[in-house]
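Engineer: The structure under discussion is supplied below as structure tokens; questions concerning it will follow.
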Amino acid sequence: MTFSIGVVGVGQFGGHFAHLFKLHPGVSQVFAVDERPERAEAARGHWALDGTMASFEDLLASDVDAVAIFTQRWTHGPLVLQALRAGKHVYSAVPMAVTEEEIARIIETVRETGLVYAMGETSYYNPATVYARDQHAAGRFGRIFYAEGDYVHDMDLGFYEAYQYSGGERWKETASYPPMLYPTHAIGGVLGAVPAHAVSVSCVGVKDDRPDGVFDKDVSMFGNDFSNAMALFELNDGGVMRTNEMRRVGYPSHIRESRFRFFGTEASFEQLATVSVWQDKKAVHDVSARLETRPSIPLDDPSLADVAPELRDAFISGLATVHDSSRLPEEFRGAPNGHEGSHQFLVDDFVTAVNSGSLPPVNAWVAARFTLPGIVAHASAQRNGERLSIRDFGDAPPRG
């Protein structure tokens with residue numbers, strides 16, 4: 001069984017994902033859609049896709065079965081809803097949405113239509129999350145009572161160029177995107193290993209002080225001047241999770257932009273930029289080699305010509321020893337990967353779910369648990385750290 005898909009937004013990551021969808025044996029056709037027709041045509045030619053469509057509306061009116069959305073992050077919620085209501089299965093880049101209301105509407109629409117929705121949270125397959133998930137499933141942590149997820153990516157390391165590429169002349173209006181409205185790389189890496197969800201949060205935002213017009217309330221389309229934010233979450237199982245979202249920080253994010261720590265009653269696991277350790281009550285074990293990814297393509301690959309050098313590691317990182325690559329289709333061998341080996345797994349999850357009628361791991365209900373805590377955390381920061389409750393939409397209903 002196969003299906004067709006249209007990839008919306010093929011500037012950088014979208015083109016690489018279009019290529020993976022094209023390679024997957026469960027996909028019959030792949031079409032490129034972009035508000036800049038020349039980008040859609042370039043993606044079609046470079047990745048040997050099956051065609052282009054003039055607009056998102058044309059895609060929804062076509063008989064294409066599914067849509068993959070790689071547009072600006074604050075546009076995902078409305079576009080996802082349009083696609084679902086047009087009868088399309090949806091793969092969405094992160095974040096799921098930027099308001100609780102958008103999240104609620106997506107979940108209700110998925111429930112009503114029975115269509116597949118998957119959010120492409122890369123940290124779900126981050127080697128550290130995979131490792132912690134396996135250790136937790138084996139009971140080796142004991143009870144995990146505290147965990148941390150950091151997304152530590154300085155604006156100077158490629159983000160200026162990325163926003164200029166996507167935002168055009170008015171890029172500074174969008175470069176001020178609030179850090180906690182993009183929390184899934186940090187939160188998803190923790191909750192992807194610990195089966196819990198956040199129930200309350202207190203967050204403090206750090207106001208930016210660099211006078212370059214970014215994170216300036218008078219310029220920002222979001223009215224945001226926080227460049228860094230730190231949130232403390234209460235989990236439903238009585239544990240605690242801390243999340244750090246940093247955009248002004250002296251740290252080599254090109255080496256490891258997401259990192260995690262888990263503390264249990266019997267053992268713990270911690271990461272720094274280049275070291276990962278497992279610790280029990282007797283010793284410290286260096287597990288760095290198991291989590292180190294291997295490059296999937298060279299840093300100077302022609303497909304990365306429009307990507308800032310500081311961001312290219314996220315496009316080339318392949319599989320680590322801890323990954324179970326046996327589940328991936330043979331056609332993915334030697335293909336580009338990225339975000340520490342996650343891209344191929346995320347594509348395979350979505351294709352498998354659509355063709356089998358099953359739930360993908362990061363389905364709408366899981367995506368809400370990865371996304372909404374950050375939205376509430378940002379509101380807390382705007383209210384000087386006031387502790388706020390977080391709505392939970394429950395578990396996904398069983399399929400079939």
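The values are calculated or read from the model by the stated rules, or taken from the named source; none is laboratory data. It should be emphasised that the depicted structure is a prediction, and the values quoted were computed from it without experimental measurement. Please note: Cβ atoms are built from the backbone with ideal geometry, for glycine as well, and neighbour counts cover all protein chains shown. For the accessible areas, the whole protein counts, side chains as well, though only heavy atoms, and no ligand, DNA or RNA atoms are used. Shrake-Rupley method; radii C 1.70, N 1.55, O 1.52, S 1.80 Å.
Engineer: Given axes a ≥ b ≥ c from the Cα gyration tensor, I'd like to know whether region 245-399 is rounded (a/c under 1.5), prolate (a/b larger than b/c) or oblate. Let's see the in-between values first.
Structural biologist: Values: a/c = 1.35, a/b = 1.14, b/c = 1.18.
Judged from the Cα gyration tensor, region 245-399 comes out rounded (a/c under 1.5).
Engineer: Can you find, among VAL30, LEU59, TYR251, the residue farthest towards the positive end of the dipole of the chain? Put +1 on the C-beta of Lys and Arg, -1 on that of Asp and Glu.
Structural biologist: Ranked along the dipole, the leading option is TYR251.
Engineer: Using alpha carbon centroids, what distance separates region 308-385 and region 158-176, in Å?
Structural biologist: Region 308-385 and region 158-176 have Cα centres separated by 23 Å.
Engineer: Rounded to two decimals, what is the ratio between the C-alpha radius of gyration of region 75-193 and 2.2 N^0.38 Å?
Structural biologist: 1.27
Engineer: Size of the dipole of region 46-113 about the Cα centre, Lys and Arg at +1 and Asp and Glu at -1 on the beta carbon, nothing else charged, in debye to 20?
Structural biologist: Computed charge dipole of region 46-113: roughly 140 debye.
Engineer: Could I ask something else about it? Please identify every one of the trypsin sites (Lys or Arg not before Pro) in region 42-150 that sits in a loop by DSSP and has no more than 15 other beta carbons within 10 Å of its own beta carbon.
Structural biologist: Taking region 42-150 and a limit of 15 other Cβ atoms within 10 Å, the loop trypsin sites (Lys or Arg not before Pro) found are ARG140, ARG143.
Engineer: Also: Dipole size in debye (nearest 20) for region 100-178 around its Cα centre, Lys and Arg Cβ +1, Asp and Glu Cβ -1?
Structural biologist: 420
Engineer: Work out the length of the dipole vector of the chain about its Cα centre, built from +1 on the beta-carbon of each Lys and Arg and -1 on the beta-carbon of each Asp and Glu, and round it to the nearest 20 debye.
Structural biologist: 920
Engineer: How would you classify the chain from its alpha-carbon gyration tensor, with a ≥ b ≥ c the square roots of the eigenvalues: rounded for a/c under 1.5, else prolate if a/b is greater than b/c, otherwise oblate?
Structural biologist: In terms of gyration-tensor shape, rounded.
Engineer: Something else: Label region 269-308 by shape, choosing from rounded, prolate and oblate, from the square roots a ≥ b ≥ c of the eigenvalues of the Cα gyration tensor; if a/c is under 1.5 it is rounded, and otherwise prolate applies when a/b is larger than b/c, oblate when it is not.
Structural biologist: prolate
Engineer: Can I ask one more? Per the 1.4 Å probe, what fraction of the accessible area of the chain, in percent, lies on carbon and sulfur atoms?
Structural biologist: 50
Engineer: Right, something else. Under a 10 Å cutoff between Cα atoms, tell me which one of ALA379, ALA186, ALA61 has the largest fluctuation in the Gaussian network model of the chain.
Structural biologist: Maximum among the listed residues: ALA61.
Engineer: Where only protein heavy atoms count, and the probe is 1.4 Å, what is the accessible area per residue for the chain in Å²?
Structural biologist: Dividing the accessible area of the chain by its residue count gives 40 Å².
Engineer: Less than 18 Å apart at the alpha-carbon level, and either on another chain or at least 8 residues along: which aspartates and glutamates does that give for LYS282?
Structural biologist: GLU266, GLU270
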